[in-house]
Amino acid sequence: MGRRIPGWMAVGAFAFLLRLGYVVLVDEPLLFRHQYHYFRGGLLVAENPHPWSFIVHSDEWRMWDGMWTLAPGYFWFLAAGFRLGGFHLFPIQVAQCALEAGTAVLVAHLARRAATPRLGLLAGFVYALYWPSVEQPSRTMTENLHTFLLVAAFAAVIGLVLREGTDGAAEEPPPKSAGRGLRAGVLFGLSALARAVGMAFLPLTLVWLVFEKGQRRRWAAAAGVVAGLGLVIAPWVARNWWVIGDPSPIESVSLANLWEDNAFARDARFERQHHYLMEAQDAREREALVWRFVLRGLRERGDYPAKVWGNVRHFLRPDGLWLLLGAEQPWPAWQHATRLVFDDGIVFLTLPLFVAFLAGGRPPPLRSCRS
(Lines give C-alpha, C1' and ligand atoms only; values in the text may rest on other atoms or scores of the structure.)
Protein backbone atom coordinates (compact mmCIF):
# COMPACT_ATOMS: atom_id res chain seq x y z
CA MET A 1 0.00 0.00 0.00
CA GLY A 2 1.20 3.51 -0.75
CA ARG A 3 1.99 5.85 2.08
CA ARG A 4 -0.46 8.62 2.89
CA ILE A 5 0.63 12.14 2.02
CA PRO A 6 1.23 14.14 5.23
CA GLY A 7 -1.42 16.75 5.87
CA TRP A 8 1.01 19.66 5.89
CA MET A 9 2.39 18.57 2.51
CA ALA A 10 -1.10 18.39 1.01
CA VAL A 11 -1.90 21.89 2.32
CA GLY A 12 1.36 23.32 0.97
CA ALA A 13 1.08 21.66 -2.44
CA PHE A 14 -2.55 22.74 -2.88
CA ALA A 15 -1.78 26.33 -1.86
CA PHE A 16 1.28 26.53 -4.11
CA LEU A 17 -0.44 25.10 -7.21
CA LEU A 18 -3.50 27.33 -6.75
CA ARG A 19 -1.36 30.47 -6.55
CA LEU A 20 0.90 29.42 -9.40
CA GLY A 21 -2.19 28.73 -11.50
CA TYR A 22 -3.45 32.25 -10.81
CA VAL A 23 -0.07 33.75 -11.76
CA VAL A 24 0.10 31.80 -15.04
CA LEU A 25 -3.54 31.83 -16.14
CA VAL A 26 -4.63 35.31 -15.06
CA ASP A 27 -1.26 36.92 -15.90
CA GLU A 28 -2.10 40.07 -13.97
CA PRO A 29 0.16 43.05 -14.76
CA LEU A 30 1.73 45.16 -12.04
CA LEU A 31 -0.87 47.71 -10.98
CA PHE A 32 -0.58 51.04 -9.16
CA ARG A 33 2.62 52.80 -8.23
CA HIS A 34 3.37 50.81 -5.06
CA GLN A 35 4.20 47.68 -7.04
CA TYR A 36 6.38 49.52 -9.53
CA HIS A 37 8.10 51.36 -6.69
CA TYR A 38 9.18 48.14 -4.96
CA PHE A 39 10.15 46.60 -8.30
CA ARG A 40 12.33 49.61 -9.13
CA GLY A 41 13.97 49.60 -5.69
CA GLY A 42 14.87 45.94 -6.00
CA LEU A 43 16.34 46.58 -9.45
CA LEU A 44 18.42 49.50 -8.16
CA VAL A 45 20.05 47.26 -5.55
CA ALA A 46 20.48 44.27 -7.88
CA GLU A 47 22.00 46.31 -10.70
CA ASN A 48 24.45 48.21 -8.52
CA PRO A 49 28.04 46.95 -8.88
CA HIS A 50 28.54 47.38 -5.11
CA PRO A 51 25.14 46.47 -3.63
CA TRP A 52 26.26 46.17 0.01
CA SER A 53 27.86 49.61 0.01
CA PHE A 54 24.82 51.01 -1.80
CA ILE A 55 22.47 49.59 0.85
CA VAL A 56 24.54 50.90 3.76
CA HIS A 57 25.37 54.38 2.48
CA SER A 58 22.29 55.36 0.46
CA ASP A 59 18.51 55.48 0.90
CA GLU A 60 17.81 56.11 -2.79
CA TRP A 61 16.58 52.56 -3.31
CA ARG A 62 13.88 52.80 -0.62
CA MET A 63 12.69 56.42 -0.83
CA TRP A 64 8.97 57.17 -1.03
CA ASP A 65 7.49 60.50 -2.12
CA GLY A 66 10.92 62.11 -2.08
CA MET A 67 11.30 62.35 1.70
CA TRP A 68 10.19 59.14 3.43
CA THR A 69 11.90 55.76 3.66
CA LEU A 70 10.30 52.30 3.45
CA ALA A 71 11.20 49.13 5.36
CA PRO A 72 14.18 47.47 3.65
CA GLY A 73 13.43 43.75 3.83
CA TYR A 74 11.27 43.32 0.74
CA PHE A 75 13.69 45.33 -1.41
CA TRP A 76 16.44 42.91 -0.36
CA PHE A 77 14.21 39.96 -1.21
CA LEU A 78 13.54 41.34 -4.69
CA ALA A 79 17.21 42.18 -5.26
CA ALA A 80 18.25 38.65 -4.27
CA GLY A 81 15.59 37.23 -6.60
CA PHE A 82 16.83 39.34 -9.50
CA ARG A 83 20.43 38.33 -8.85
CA LEU A 84 19.57 34.62 -8.65
CA GLY A 85 16.81 34.31 -11.26
CA GLY A 86 17.57 37.12 -13.67
CA PHE A 87 15.81 40.42 -14.13
CA HIS A 88 12.39 38.90 -14.69
CA LEU A 89 9.16 39.07 -12.70
CA PHE A 90 8.11 35.42 -13.04
CA PRO A 91 10.84 33.87 -10.80
CA ILE A 92 9.88 36.39 -8.11
CA GLN A 93 6.23 35.39 -8.43
CA VAL A 94 7.08 31.68 -8.15
CA ALA A 95 9.12 32.36 -5.00
CA GLN A 96 6.19 34.32 -3.59
CA CYS A 97 3.85 31.42 -4.34
CA ALA A 98 6.18 29.24 -2.26
CA LEU A 99 6.14 31.78 0.59
CA GLU A 100 2.34 31.92 0.67
CA ALA A 101 2.17 28.11 0.52
CA GLY A 102 4.53 28.09 3.50
CA THR A 103 2.19 30.48 5.29
CA ALA A 104 -0.72 28.07 4.73
CA VAL A 105 1.36 25.27 6.27
CA LEU A 106 2.19 27.48 9.26
CA VAL A 107 -1.49 28.36 9.72
CA ALA A 108 -2.27 24.64 9.79
CA HIS A 109 0.48 24.15 12.39
CA LEU A 110 -0.85 27.01 14.54
CA ALA A 111 -4.40 25.65 14.52
CA ARG A 112 -3.13 22.13 15.21
CA ARG A 113 -1.28 23.31 18.31
CA ALA A 114 -4.09 25.56 19.54
CA ALA A 115 -6.92 23.09 18.84
CA THR A 116 -6.74 19.67 17.16
CA PRO A 117 -4.97 18.08 14.16
CA ARG A 118 -8.19 17.97 12.13
CA LEU A 119 -8.95 21.62 12.76
CA GLY A 120 -5.36 22.42 11.90
CA LEU A 121 -5.73 20.73 8.52
CA LEU A 122 -9.03 22.54 7.93
CA ALA A 123 -7.46 25.91 8.82
CA GLY A 124 -4.59 25.28 6.42
CA PHE A 125 -6.91 24.53 3.51
CA VAL A 126 -9.14 27.51 4.35
CA TYR A 127 -6.12 29.82 4.25
CA ALA A 128 -5.03 28.19 1.00
CA LEU A 129 -8.40 29.23 -0.47
CA TYR A 130 -8.39 32.75 1.00
CA TRP A 131 -8.55 34.89 -2.12
CA PRO A 132 -6.36 37.88 -1.18
CA SER A 133 -3.64 35.33 -0.40
CA VAL A 134 -4.20 33.64 -3.78
CA GLU A 135 -3.79 36.94 -5.64
CA GLN A 136 -0.91 38.28 -3.57
CA PRO A 137 2.05 36.37 -5.13
CA SER A 138 1.38 37.92 -8.53
CA ARG A 139 2.14 41.36 -7.06
CA THR A 140 5.33 43.00 -5.85
CA MET A 141 4.10 43.96 -2.38
CA THR A 142 5.74 43.62 1.04
CA GLU A 143 2.95 41.37 2.34
CA ASN A 144 4.42 38.45 0.39
CA LEU A 145 7.47 38.35 2.66
CA HIS A 146 6.06 39.91 5.82
CA THR A 147 3.08 37.58 6.22
CA PHE A 148 5.21 34.44 6.06
CA LEU A 149 7.77 35.77 8.57
CA LEU A 150 5.14 37.08 10.99
CA VAL A 151 3.14 33.84 10.99
CA ALA A 152 6.40 31.91 11.46
CA ALA A 153 7.08 34.08 14.52
CA PHE A 154 3.61 33.31 15.88
CA ALA A 155 4.23 29.60 15.32
CA ALA A 156 7.48 29.84 17.29
CA VAL A 157 5.73 31.68 20.14
CA ILE A 158 2.83 29.24 20.37
CA GLY A 159 5.39 26.44 20.50
CA LEU A 160 6.94 28.18 23.50
CA VAL A 161 3.62 28.67 25.27
CA LEU A 162 2.12 25.23 24.73
CA ARG A 163 5.29 23.21 25.20
CA GLU A 164 4.79 22.85 28.93
CA GLY A 165 1.48 21.03 28.45
CA THR A 166 3.08 17.79 27.26
CA ASP A 167 2.06 14.83 29.42
CA GLY A 168 4.00 15.54 32.58
CA ALA A 169 7.29 16.14 30.85
CA ALA A 170 10.10 17.62 32.92
CA GLU A 171 10.12 21.41 33.07
CA GLU A 172 12.28 22.92 30.37
CA PRO A 173 15.37 24.65 31.82
CA PRO A 174 15.45 28.47 31.48
CA PRO A 175 18.46 28.51 29.09
CA LYS A 176 16.57 26.29 26.64
CA SER A 177 13.47 28.51 26.89
CA ALA A 178 15.66 31.54 26.26
CA GLY A 179 17.17 29.88 23.19
CA ARG A 180 13.77 29.08 21.72
CA GLY A 181 12.60 32.59 22.57
CA LEU A 182 15.65 33.88 20.70
CA ARG A 183 14.48 32.10 17.53
CA ALA A 184 11.02 33.65 17.86
CA GLY A 185 12.59 37.08 18.35
CA VAL A 186 14.74 36.70 15.24
CA LEU A 187 11.61 35.92 13.21
CA PHE A 188 9.82 38.96 14.65
CA GLY A 189 12.84 41.09 13.76
CA LEU A 190 12.95 39.83 10.18
CA SER A 191 9.21 40.45 9.78
CA ALA A 192 9.66 44.00 11.09
CA LEU A 193 12.42 44.65 8.55
CA ALA A 194 9.94 43.58 5.85
CA ARG A 195 7.09 45.67 7.27
CA ALA A 196 7.55 47.64 10.48
CA VAL A 197 3.96 47.07 11.65
CA GLY A 198 5.13 43.61 12.77
CA MET A 199 6.69 45.34 15.79
CA ALA A 200 3.18 46.04 17.10
CA PHE A 201 2.81 42.37 18.07
CA LEU A 202 5.91 42.36 20.28
CA PRO A 203 4.27 43.77 23.46
CA LEU A 204 1.36 41.32 23.11
CA THR A 205 3.81 38.46 22.68
CA LEU A 206 5.82 39.42 25.76
CA VAL A 207 2.70 39.74 27.93
CA TRP A 208 1.46 36.37 26.65
CA LEU A 209 4.76 34.68 27.41
CA VAL A 210 5.10 36.19 30.89
CA PHE A 211 1.61 35.10 31.93
CA GLU A 212 1.61 31.70 30.23
CA LYS A 213 5.06 30.29 30.90
CA GLY A 214 6.09 28.47 34.08
CA GLN A 215 7.52 30.61 36.87
CA ARG A 216 11.16 29.72 36.23
CA ARG A 217 11.01 30.07 32.47
CA ARG A 218 8.68 32.96 31.73
CA TRP A 219 11.28 35.70 31.99
CA ALA A 220 13.92 33.65 30.19
CA ALA A 221 11.61 33.13 27.21
CA ALA A 222 10.58 36.81 27.11
CA ALA A 223 14.21 37.93 27.38
CA GLY A 224 15.11 35.56 24.55
CA VAL A 225 12.46 37.13 22.30
CA VAL A 226 13.75 40.65 23.02
CA ALA A 227 17.36 39.56 22.45
CA GLY A 228 16.50 37.89 19.14
CA LEU A 229 14.64 40.97 17.96
CA GLY A 230 17.55 43.20 18.95
CA LEU A 231 20.03 40.93 17.20
CA VAL A 232 18.24 41.53 13.89
CA ILE A 233 17.12 45.14 14.30
CA ALA A 234 20.13 46.70 16.05
CA PRO A 235 22.51 46.77 13.03
CA TRP A 236 19.87 48.49 10.89
CA VAL A 237 19.05 51.00 13.65
CA ALA A 238 22.77 51.80 13.99
CA ARG A 239 23.06 52.26 10.23
CA ASN A 240 20.10 54.67 10.18
CA TRP A 241 21.25 56.74 13.13
CA TRP A 242 24.98 57.04 12.53
CA VAL A 243 25.50 56.49 8.80
CA ILE A 244 22.37 58.12 7.34
CA GLY A 245 21.37 60.42 10.20
CA ASP A 246 17.76 59.20 10.28
CA PRO A 247 16.25 58.80 13.78
CA SER A 248 13.67 56.29 12.52
CA PRO A 249 14.60 52.77 13.71
CA ILE A 250 13.40 50.93 10.57
CA GLU A 251 11.61 53.35 8.23
CA SER A 252 10.08 56.82 8.29
CA VAL A 253 6.99 56.27 6.15
CA SER A 254 5.09 55.50 9.36
CA LEU A 255 5.57 59.21 10.16
CA ALA A 256 3.96 60.06 6.83
CA ASN A 257 0.99 57.86 7.73
CA LEU A 258 0.82 59.46 11.19
CA TRP A 259 0.78 62.93 9.65
CA GLU A 260 -1.71 62.21 6.86
CA ASP A 261 -4.15 60.39 9.17
CA ASN A 262 -3.98 62.61 12.26
CA ALA A 263 -3.05 66.17 11.28
CA PHE A 264 -6.47 66.55 9.58
CA ALA A 265 -4.97 69.03 7.12
CA ARG A 266 -6.92 69.58 3.92
CA ASP A 267 -6.48 71.53 0.71
CA ALA A 268 -4.27 74.61 1.20
CA ARG A 269 -3.28 73.66 4.75
CA PHE A 270 -2.18 70.22 3.60
CA GLU A 271 -0.12 71.74 0.78
CA ARG A 272 1.59 74.15 3.19
CA GLN A 273 2.48 71.37 5.61
CA HIS A 274 3.74 69.19 2.76
CA HIS A 275 5.92 72.09 1.59
CA TYR A 276 7.41 72.56 5.07
CA LEU A 277 8.15 68.84 5.32
CA MET A 278 9.83 68.81 1.91
CA GLU A 279 11.95 71.84 2.86
CA ALA A 280 13.10 70.36 6.19
CA GLN A 281 16.89 70.32 6.53
CA ASP A 282 17.11 66.70 7.64
CA ALA A 283 15.09 63.72 8.88
CA ARG A 284 15.18 64.90 12.50
CA GLU A 285 13.64 68.27 11.66
CA ARG A 286 11.03 66.53 9.50
CA GLU A 287 10.09 64.19 12.36
CA ALA A 288 9.70 67.16 14.74
CA LEU A 289 7.43 68.89 12.21
CA VAL A 290 5.25 65.79 11.88
CA TRP A 291 4.66 65.64 15.64
CA ARG A 292 3.94 69.37 15.70
CA PHE A 293 1.35 69.07 12.91
CA VAL A 294 -0.26 66.00 14.47
CA LEU A 295 -0.58 67.54 17.94
CA ARG A 296 -2.03 70.72 16.42
CA GLY A 297 -4.51 68.73 14.37
CA LEU A 298 -5.68 66.68 17.35
CA ARG A 299 -5.97 69.81 19.47
CA GLU A 300 -7.74 72.06 16.99
CA ARG A 301 -9.97 69.68 15.06
CA GLY A 302 -12.96 67.65 16.14
CA ASP A 303 -12.48 65.06 13.40
CA TYR A 304 -10.90 62.32 15.49
CA PRO A 305 -14.10 60.46 16.55
CA ALA A 306 -15.28 60.40 12.92
CA LYS A 307 -11.90 59.09 11.84
CA VAL A 308 -12.03 56.27 14.40
CA TRP A 309 -15.55 55.30 13.34
CA GLY A 310 -14.51 55.37 9.69
CA ASN A 311 -11.59 53.05 10.41
CA VAL A 312 -13.85 50.63 12.28
CA ARG A 313 -16.28 50.53 9.35
CA HIS A 314 -13.40 50.04 6.93
CA PHE A 315 -12.08 47.12 9.01
CA LEU A 316 -15.46 45.40 9.26
CA ARG A 317 -16.78 46.01 5.76
CA PRO A 318 -17.04 43.07 3.32
CA ASP A 319 -14.33 44.06 0.84
CA GLY A 320 -15.56 41.91 -2.03
CA LEU A 321 -19.06 43.36 -1.81
CA TRP A 322 -17.71 46.90 -1.47
CA LEU A 323 -15.48 46.50 -4.54
CA LEU A 324 -18.52 45.28 -6.50
CA LEU A 325 -21.14 47.80 -5.34
CA GLY A 326 -19.15 50.65 -3.79
CA ALA A 327 -16.00 51.06 -5.87
CA GLU A 328 -17.71 49.41 -8.88
CA GLN A 329 -14.47 47.82 -10.05
CA PRO A 330 -14.75 46.83 -13.75
CA TRP A 331 -13.61 43.26 -13.16
CA PRO A 332 -14.90 40.09 -14.84
CA ALA A 333 -17.80 38.38 -13.10
CA TRP A 334 -15.65 35.42 -12.00
CA GLN A 335 -13.25 37.75 -10.17
CA HIS A 336 -16.06 39.40 -8.22
CA ALA A 337 -17.57 35.98 -7.46
CA THR A 338 -14.32 34.55 -6.11
CA ARG A 339 -13.85 37.58 -3.87
CA LEU A 340 -17.37 37.33 -2.51
CA VAL A 341 -17.03 33.61 -1.74
CA PHE A 342 -13.37 33.19 -0.79
CA ASP A 343 -12.73 36.61 0.78
CA ASP A 344 -15.95 37.88 2.37
CA GLY A 345 -17.34 34.38 2.82
CA ILE A 346 -14.27 33.04 4.63
CA VAL A 347 -13.85 36.10 6.87
CA PHE A 348 -17.47 36.34 7.99
CA LEU A 349 -18.00 32.60 8.40
CA THR A 350 -14.89 32.20 10.54
CA LEU A 351 -15.63 35.15 12.86
CA PRO A 352 -18.37 33.38 14.89
CA LEU A 353 -16.19 30.26 15.07
CA PHE A 354 -13.31 32.35 16.39
CA VAL A 355 -15.54 33.99 19.02
CA ALA A 356 -16.78 30.56 20.12
CA PHE A 357 -13.18 29.33 20.37
CA LEU A 358 -12.24 32.32 22.56
CA ALA A 359 -15.32 31.86 24.76
CA GLY A 360 -14.57 28.17 25.23
CA GLY A 361 -11.08 28.82 26.59
CA ARG A 362 -7.94 26.84 25.99
CA PRO A 363 -8.46 23.12 25.25
CA PRO A 364 -7.06 20.58 27.74
CA PRO A 365 -3.27 20.10 27.40
CA LEU A 366 -3.52 16.56 26.02
CA ARG A 367 -5.88 17.75 23.30
CA SER A 368 -4.04 20.94 22.40
CA CYS A 369 -0.58 19.41 22.16
CA ARG A 370 -1.17 16.14 20.37
CA SER A 371 1.55 15.47 17.84
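The values are calculated or read from the model by the stated rules, or taken from the named source; none is laboratory data. Everything quoted here is computed from the prediction, not taken from an experiment. Reconstructed Cβ throughout: ideal geometry from the backbone, glycine too, with neighbour counts over all protein chains shown.
Odds and ends about this structure:
Residues checked against (1) closer than 25 Å to Q329 by Cβ; (2) surrounded by 13 or more Cβ atoms within 10 Å (Cβ to Cβ); (3) more than 22 Å from the chain's Cα centre (by Cα):
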site	(1), (2), (3)
A10	no, yes, yes
Q35	yes, yes, no
P49	no, no, yes
T69	no, yes, no
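- Flag if V186 is among the β-branched types (V, I, T), in a helix (DSSP H, G or I) and surrounded by fewer than 18 Cβ atoms within 10 Å (Cβ to Cβ): no
- Filter result for R83 (among the basic types (K, R), surrounded by fewer than 17 Cβ atoms within 10 Å (Cβ to Cβ), out of contact with any helix residue (DSSP H, G or I) (no Cβ under 8 Å at 6 or more places or on another chain) and assigned to a helix (DSSP H, G or I)): no
- Residues that are within 26 Å of D282 (Cα to Cα) and in contact with a Ser or Thr (Cβ under 9 Å, 6 or more places away or on another chain), drawn from the range 26-43: H34, H37, Y38, G42
- Selection count, the range 238-254, where residues are surrounded by 15 or more Cβ atoms within 10 Å (Cβ to Cβ) and within 19 Å of A288 (Cα to Cα): 11
- Residues of the range 11-46 classified as in contact with a helix residue (DSSP H, G or I) (Cβ under 8 Å, 6 or more places away or on another chain) and in a helix (DSSP H, G or I), total: 20
- Here A306 fulfils each of the conditions (1) in a loop (DSSP other than H, G, I, E, B); (2) loosely packed, with under 13 Cβ neighbours inside 10 Å apart from (1).
- Conditions (1) farther than 30 Å from R284 by Cα; (2) β-branched (V, I, T); (3) at pLDDT 95 or above: number failed by I55: (1)
- Cβ-Cβ under 8 Å pairs, at least 6 apart or on other chains, the range 277-297 side touching a residue at least 40 places away in the same chain (Cβ under 8 Å), far side aliphatic (A, V, I, L, M) and surrounded by 19 or more Cβ atoms within 10 Å (Cβ to Cβ): L277/V290; R286/L255; R286/L277; E287/L255
- The set of residues from the range 266-276 being surrounded by 13 or more Cβ atoms within 10 Å (Cβ to Cβ), under 21 Å from M63 (Cβ atoms) and free of Cβ contacts under 8 Å to residues at least 12 places away in the same chain comprises F270, H274.
- Residue satisfying condition, being at pLDDT below 90, outside any loop (DSSP other than H, G, I, E, B) and closer than 20 Å to M67 by Cβ, within set F315, F270: F270
- Only one of E328, E279, E300 that is more than 29 Å from S248 (Cα to Cα) and loosely packed, with under 13 Cβ neighbours inside 10 Å: E328
- In summary, A71 fulfils each of the numbered conditions (1) free of Cβ contacts under 8 Å to residues at least 60 places away in the same chain; (2) within 27 Å of V226 (Cα to Cα); (3) in a loop (DSSP other than H, G, I, E, B) with the single exception of condition (1).
- Restricting L122, L106, L110 to residues that are outside the structural domain of A194 (by TED's automatic domain parsing), hydrophobic (A, V, I, L, M, F, W, C) and either in contact with a strand residue (DSSP E or B) (Cβ under 9 Å, 6 or more places away or on another chain) or without any contact (Cβ under 8 Å) to a residue 12 or more places away in the chain (or both) narrows the list to L122.
Okay, residues lined up against (1) in contact with a His (Cβ under 9 Å, 6 or more places away or on another chain); (2) buried (at least 24 other Cβ atoms within 10 Å of the Cβ); (3) closer than 14 Å to M9 by Cα:
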| position | (1), (2), (3) |
| --- | --- |
| E100 | no, yes, yes |
| A104 | no, yes, yes |
| H109 | no, no, yes |
| G120 | yes, no, yes |
| L129 | no, no, no |
| Q136 | no, no, no |
| R139 | yes, no, no |
| E143 | no, no, no |
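- Hey, R339 within 26 Å of the chain's Cα centre (by Cα), surrounded by fewer than 11 Cβ atoms within 10 Å (Cβ to Cβ) and in a helix (DSSP H, G or I) or not: no
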